[in-house]
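The structure appears right after this line, and notes come after that.
The values are calculated or read from the model by the stated rules, or taken from the named source; none is laboratory data. In this text, all values refer to a predicted model and were calculated from it rather than measured experimentally. Note that each Cβ is placed from the backbone with ideal geometry, even for glycine, and that neighbours are counted across all protein chains shown.
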Amino acid sequence: MGQKKDNPRKEKVQTLRFEGRLTYETIGVHHRNLLEAVTGNQELNLDLSGATEVDLSFLQLVCAARRLAARDNKKLNLKINKVFEQSINRYGFVRTNIRSADKSQNCFWQPVGLG
C-alpha cells in the first residue's frame, strides 16, 4: 500500500511515489492520495518506479488523473518501471509519447492498433 509524499504541503510541485502492489485492493487509498495531489499542485511528478504489481484499476486511475490535470491546465509527469510497462502491454495498450497538457489525448497509453 506504499505511497510516499515528498512534499506533503500544497505547493506548486509535488512528487508522489506509489510502491508495491497497485491493485484494486488498495485503489481507494490510491485514489484519495492522487486526487489530493493533482488538485493541490500545479505540477505533479508521479513516481511509479517502485511498483511490483499493477492491475487495470490502477491504470484507469492514472488515466483519470491525467485527464483531470489536462482539464485544469496542470502538468502530470510519469516515471515508470518495467513492471508498470509490462502491465500496460498486458492489458492491450501501448505507451504514447504525449505531453501531459495535451487535452486531445485521454491517457499516457492507448489501445494497441490505434497508433
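Restricting the first member to region 41-63 and to residues that are without any contact (Cβ under 8 Å) to a residue 60 or more places away in the chain, and the second to residues that are small (G, A, S) and outside any strand (DSSP E or B), the beta-carbon pairs closer than 6 Å and six or more apart or on different chains are L44/A37; V54/S87.
For a quick check of your reading: which strands (runs of 3 or more DSSP E) sit entirely within region 22-97 and have at least 1 residues that are surrounded by 15 or more Cβ atoms within 10 Å (Cβ to Cβ), of a type in the set (K, R) and on the phi < 0 side of the Ramachandran plot?
Qualifying strands (runs of 3 or more DSSP E): 75-80, 93-95.
Of all the residues in region 38-49, those that are under 11 Å from the mean Cα position of the chain (by Cα) and over 16 Å from E19 (Cα atoms) number 2. Can you tell me which residue in region 72-102 is modelled with the lowest pLDDT, limited to those that are under 20 Å from E43 (Cβ atoms) and touching a Lys or Arg at 6+ places or on another chain (Cβ under 7 Å)? Of everything passing the filter in region 72-102, A101 is modelled with the lowest pLDDT.
When you go through A64, A69, A51 one by one, which is the residue that is more than 25 Å from K12 (Cβ to Cβ), modelled with pLDDT of 90 or more and of a type in the set (A, V, I, L, M)?
Working: A64 fails: more than 25 Å from K12 (Cβ to Cβ); A69 fails: more than 25 Å from K12 (Cβ to Cβ).
On inspection, the qualifying residue turns out to be A51.
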